[in-house]
Amino acid sequence: MGEEIFILKMKNILITPQAFTYLSLEDLKNTFGKEYNLFLTGGQIADSSLLIKELQDMDACLIGSETIDESILKHTPKLKFLSRFGVGYDSINLKDTSKYGVKVSIVKSINNTAVARHCLSLLLCITNNILTKKKSWNKNLNFSPENTTVGLLGMGPIAKEFAKMCEFLGFNIIYFSRTKKEVNYTYFNTIEKVINNSNIISLHLKHTNETTNIINSNYLKLMEGKYFLNTARGKLVDEFTLYNLLKNNHILGAGLDVFTNEPCIEISQKLRCLPNVISTPHVSAYDIHSINQVATKSINNIKYFFQNNHNKINKIVTYE
């Protein structure tokens, strides 16, 4: 009897995040191994028909912020796994992925320091009059940290890192969370109380269906004479009201890394172009160290899935 021959079937992997253009293709191939065919798009695929076409023959996708729901999944029967490049997964309909038998993973607790550091940079742009456009030589007072209260909405891992940075610089820190945390900052049990007692409000909540537009017109109107930071998710905020209040200088200014529409169109584009808004294109964890960290974890999530080592996956998210 001749030798039995086993043929290992190659897995096709689509990679959409633009961040992978900063990494060596050879290194990527080595990290994945010979069992995988890689197909890089060079950036987010916004057009759904093109996304369907690209996913047709894919076993898995290392995905960015593309919207994935039944309209995509019903055309991609071969797809078995989505590895999200990052921690957020609000663009993926978990009910639909469950229906079509597609598993979803995220990379959790990797880039907390990077996001907190970026949030701090937005804060300092506001407090130190950096990047303000002036035609004349006018001096404006900087904020004294000792006389400035930063109110955090949320006290997760990123918020904790951000709070430490602010505290080191001398800012007073208060916060809202659903439950009181073991931190040495003043706790308030409502968002309203934090806004009323802060000079600068920084948003650090998780986006879910329940928290969409949680920072509504009522909360935004309370920010009269204050400043607003958001490095969490754009969909947490009523952008139409935020735009109007900033345009009328009811809210004095904002530092925004995230928007409802990314890339920015419509109200998001109008918002980021206001003269009293400092904006960045969702790049708070966009440095080589952070990209490498998240890339390695998200690649390993795919490998663990196809190796049936599901317990090693950084985090599987499911529909509840």
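Values quoted throughout were computed directly from the atomic coordinates according to the rules given, and no laboratory measurement underlies them. Every value quoted in this text rests on a predicted model; they were computed, and no experiment measured them. We place every Cβ from the backbone using ideal geometry, glycine too, and count neighbours over all the protein chains shown.
A few remarks follow.
- Amide H contacts of Lys11 (H built 1.01 Å from N, under 5 Å, at least 5 apart or other chain): Tyr36, Asn37
- Qualifying aspartates and glutamates (Cα of each under 12 Å from Cα of Lys11; at least 8 residues distant if same chain): Glu35, Asp57, Asp59
- Full extension of the chain between Asn249 and Asn309 yields a length gain of 16.2 nm, computed as 0.36 nm times the residue separation minus the alpha carbon distance.
- Taking Lys180, Lys80, Lys226 as the candidate residues, the one with maximal mean-square fluctuation in a Gaussian network model of the chain, Cα springs under 10 Å, is Lys180.
- Extent along the principal axes, Cα only, for the range 226-272: 26, 20, 14 Å, with the longest axis given first.
- Matching the structure-derived Cα extents along the principal axes in Å against the labelled list [x] 72, 53, 36; [y] 87, 41, 38; [z] 84, 35, 31 gives the label [y].
- Prolate/oblate/rounded call for the range 207-246, Cα gyration tensor, a/c under 1.5 rounded: prolate
- Pairs from the table (Lys74/Lys95; Lys53/Lys235; Lys78/Lys303; Lys34/Lys80; Lys160/Lys303) lying more than 21 angstrom apart at Cα are Lys53/Lys235; Lys160/Lys303.
- Straight-distance crosslink candidates among lysines, where the alpha carbon sits under 21 Å from Lys135 and sequence neighbours closer than 8 are dropped: Lys247
- If you wrap the tightest convex hull around every Cα atom of the range 36-84 and split its volume per residue, you get 76 Å³.
- Mean separation of Cα contacts under 8 Å (6+ apart) over length of the chain, as relative contact order %: 17 percent
- Taking a ≥ b ≥ c as the square roots of the eigenvalues of the alpha-carbon gyration tensor, the range 1-96 is classed oblate because a/c is 1.5 or more while a/b is no larger than b/c.
- Charge tally around Asn184: other residues with Cβ under 15 Å, Lys/Arg +1 each, Asp/Glu -1 each, net +1.
- Difference of contour (0.36 nm per residue) and Cα-Cα distance, Ile130 to Asn30: 31.7 nm
- Rounded, prolate or oblate (a/c below 1.5 giving rounded, otherwise prolate when a/b exceeds b/c) for the range 217-299 by Cα gyration tensor: prolate
- Considering only Leu141, Leu38, Leu51, the mean-square fluctuation computed in a Gaussian network model of the chain, springs between alpha carbons under 10 angstrom, is largest for Leu141.
- Annotation: for a label point projected 7 angstrom from Cα along Cα→Cβ of Glu146, residues of the range 164-179 with backbone N closer than 20 Å are 165-174.
- For Thr318 and Glu70, the difference between the fully extended length at 0.36 nm per residue and the C-alpha to C-alpha distance is 87.7 nm.
- Alpha-carbon centroids, the range 216-235 and the range 149-205: separation in whole Å: 14 Å
- In straight-distance terms, cross-link reach from Lys164 covers every one of the lysines whose alpha-carbon lies under 23 Å from its own, apart from those fewer than eight places away in the same chain; here that gives Lys108, Lys180, Lys181, Lys193, Lys206, Lys226.
- Here the convex hull built on the C-alpha positions of the range 45-156 has a volume of 148 cubic angstrom per residue.
- The relative contact order of the range 210-320 comes to 20 percent, based on Cα pairs under 8 Å that sit 6 or more residues apart.
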